[in-house]
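Have a look at the structure below before the remarks.
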Amino acid sequence: MIHDLEKIKEEIIEIRRHLHKNPELSFHEEKTPAFIYDYLKKLGNFDIRKNVGGRGVVAELKGKNDGKTVALRADFDALPIQDEKDVSYKSEIDGVMHACGHDAHTASLLGVAKVLSQNTKKFDGKVRFIFQHAEEVSPGGAIAMIEDGCLDGVDAIFGNHMSSEKEVGITLYGYGEIMANADMFQIIIQGKGGHGAYPHNSIDPIVLSANIITNFQQIVSRRTSSIEPCVLSVCKINSGTASNIIPDTAEIAGTVRTYNKNVQDKIITEMEKIIKGICESAGANYTFKYEKGYPAVINTKDETDLVKEVMNTLGFESEEMKPRMGGEDFSYYLQKVPGSFFYTGSGNKKKGITYPHHHPKFDVDENSIINAAKVLLTSALEYLKK
């Protein structure tokens with residue numbers, strides 16, 4: 001069936017370009033799921049559900065005989081970024097673009113769906129296609145889709161993510177924990193405003209914020225084990241309106257990435273200690289909001305063994321990936337059923353496709369779309385043979 005994928009390569013690429021020109025933000029997807037539903041409907045043979053968990057689409061394909069059920073997942077939401085590429089398929093929606101490869105993920109899986117729909121007599125069991133909305137924004141679409149039954153009866157699941165840092169032709173597999181717990185926090189410091197010339201009459205929230213941020217750096221370097229991966233990054237600070245006015249408040253926000261729950265809990269405790277100590281010593285008040293986001297992505301061994309073998313059989317240059325500090329709500333599927341999440345190299349230095357994910361000039365070498373489809377297709381078929 002790999003040759004069948006090659007035959008529809010141009011069609012798959014056109015699907016990707018259509019999606020790239022018409023991106024939709026998380027939880028606001030309307031035309032994209034409608035396009036997916038219509039495409040699958042025209043193929044026939046599918047049992048299709050739309051509006052799964054809100055805006056998701058789930059389609060199931062039955063093989064010749066009864067057997068196991070394997071799921072394949074792709075996400076389809078975009079990001080609030082202005083597309084700065086000079087290409088024919090540039091986003092036509094101002095301030096919105098596919099800057100993470102979700103358009104390519106969806107195109108790959110639709111290609112797999114088409115090929116399998118034409119070859120139902122060549123496999124036993126069922127293949128369930130999960131097209132997920134809202135991966136980019138917590139709480140994400142996976143939880144709601146699972147609650148709406150997208151994994152009912154599923155024995156294993158596989159998913160793919162493009163990797164712009166790796167050249168096209170390279171594929172990556174990973175055992176165990178491959179992506180981190182992805183948390184967010186917000187701190188509001190309530191001080192006392194005043195004139196910049198008379199700081200002794202105020203409680204300066206900017207100075208307090210600076211002290212908090214500086215002390216936060218000691219949590220990772222001095223209060224957690226050096227062999228436990230963790231990141232604490234302050235990514236936002238807002239305060240003040242003029243150069244001679246000490247403001248009343250300051251806002252600090254950022255992200256924490258961990259793998260170990262004990263480390264995660266310790267960081268939360270240590271952050272609270274630092275905020276409380278600094279604010280109380282200055283007579284300031286504060287609010288501290290910490291939101292636990294997507295849990296860590298943890299691949300299971302047997303399914304990852306299968307993906308690795310498939311990559312090698314297909315002739316790709318496969319690499320074992322090291323744990324990453326990014327987050328992905330594919331983790332919720334893996335909490336319910338065994339599976340493996342892999343990466344497909346989508347960069348191409350010769351073509352200038354080198355920009356990282358979430359960059360205004362992000363793009364993929366479109367050969368990677370077919371490569372991902374080959375791994376997804378073959379992994380599903382090999383799993384059903386077991």
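The values are calculated or read from the model by the stated rules, or taken from the named source; none is laboratory data. Note that the coordinates shown come from a computational prediction; the quantities given were computed from them, not determined experimentally. Cβ sites come from the backbone with ideal geometry, for glycine too, and all protein chains shown count toward neighbours. All accessible areas refer to the heavy atoms of the entire protein, side chains included, with ligands and DNA or RNA removed. Shrake-Rupley method; radii C 1.70, N 1.55, O 1.52, S 1.80 Å.
Observations
- Some residue of the range 269-285 being closer than 22 Å to Val231 by Cβ, outside any helix (DSSP H, G or I) and out of contact with any Pro (no Cβ under 6 Å at 6 or more places or on another chain): no
- Condition check for Val112: buried (at least 17 other Cβ atoms within 10 Å of the Cβ) and in contact (Cβ under 8 Å) with a residue 60 or more places away in the chain: yes
- Residue list for the range 332-346, filter: buried (at least 24 other Cβ atoms within 10 Å of the Cβ) and either of a type in the set (Gly, Ala, Ser) or touching an Asp or Glu at 6+ places or on another chain (Cβ under 6 Å) (or both): Gly339, Ser340, Gly345, Ser346
- 1 or more residues small (Gly, Ala, Ser) and either open to solvent by less than 20 Å² (accessible area, probe 1.4 Å) or farther than 21 Å from Thr378 by Cβ (or both): qualifying strands (runs of 3 or more DSSP E) within the range 120-190: 156-167, 176-179, 181-190
- The set of residues from the range 201-253 being in contact (Cβ under 8 Å) with a residue 60 or more places away in the chain, buried (at least 19 other Cβ atoms within 10 Å of the Cβ) and closer than 30 Å to Ile298 by Cβ comprises just one member, Pro229.
- Search result, residues across the range 348-374 that are under 21 Å from Glu320 (Cβ atoms) and either charged (D, E, K, R) or surrounded by 24 or more Cβ atoms within 10 Å (Cβ to Cβ) (or both): Ser368, Asn371, Ala372, Lys374
- Of all residues in the range 33-90, those being open to solvent by 80 Å² or more (accessible area, probe 1.4 Å) and at positive phi number 2.
- Screening the range 1-102 for helices (runs of 4 or more DSSP H) wholly inside it with 1 or more residues that are touching a Phe, Trp or Tyr at 6+ places or on another chain (Cβ under 7 Å) returns the ranges 9-21, 31-43.
- Members of the range 68-109 that are β-branched (Val, Ile, Thr) and under 30 Å from Leu381 (Cβ atoms): Thr69, Val70, Thr106
- Of residues in the range 222-268 being in contact with a strand residue (DSSP E or B) (Cβ under 9 Å, 6 or more places away or on another chain), outside any strand (DSSP E or B) and of a type in the set (S, T, N, Q), the one farthest from Ala284 (Cα to Cα): Asn260
- Of all residue pairs spaced 6 or more apart or on separate chains, those with beta-carbon atoms under 8 Å, a first member in the range 257-275 that is in contact (Cβ under 8 Å) with a residue 40 or more places away in the chain and a second member that is buried (at least 19 other Cβ atoms within 10 Å of the Cβ) and acidic (Asp, Glu) are Arg257/Asp183; Thr258/Asp183; Gln264/Asp183.
- Subset of the range 243-276 (residues that are closer than 14 Å to Gly191 by Cα and out of contact with any Phe, Trp or Tyr (no Cβ under 7 Å at 6 or more places or on another chain)): Ile245, Ile246, Pro247, Asp248, Thr249, Ala250, Glu251, Ile252, Lys276
- Per this entry, Arg257 is counted among residues that are closer than 30 Å to Gln335 by Cβ and charged (D, E, K, R).
- Take the conditions (1) of a type outside the set (Ser, Thr, Tyr); (2) touching an Asp or Glu at 6+ places or on another chain (Cβ under 9 Å); (3) open to solvent by 70 Å² or more (accessible area, probe 1.4 Å); (4) at pLDDT 95 or above; Lys273 misses just one of them, which is (2).
One line per residue, one yes/no per condition, for (1) over 19 Å from the mean Cα position of the chain (by Cα); (2) of a type in the set (Ser, Thr, Tyr); (3) closer than 26 Å to Gly125 by Cβ:
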| residue | (1), (2), (3) |
| --- | --- |
| Asp4 | yes, no, yes |
| His18 | yes, no, no |
| Lys31 | yes, no, no |
| Tyr39 | yes, yes, yes |
| Asn45 | yes, no, yes |
| Gly53 | no, no, yes |
| Gly56 | no, no, yes |
| Gly63 | yes, no, yes |
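- For the criterion of being over 24 Å from the mean Cα position of the chain (by Cα), outside any strand (DSSP E or B) and either at pLDDT 95 or above or among the β-branched types (Val, Ile, Thr) (or both), Leu116 passes.
- One residue from Tyr343, Tyr355, Tyr286 being touching a His at 6+ places or on another chain (Cβ under 6 Å) and touching a residue at least 24 places away in the same chain (Cβ under 8 Å): Tyr343
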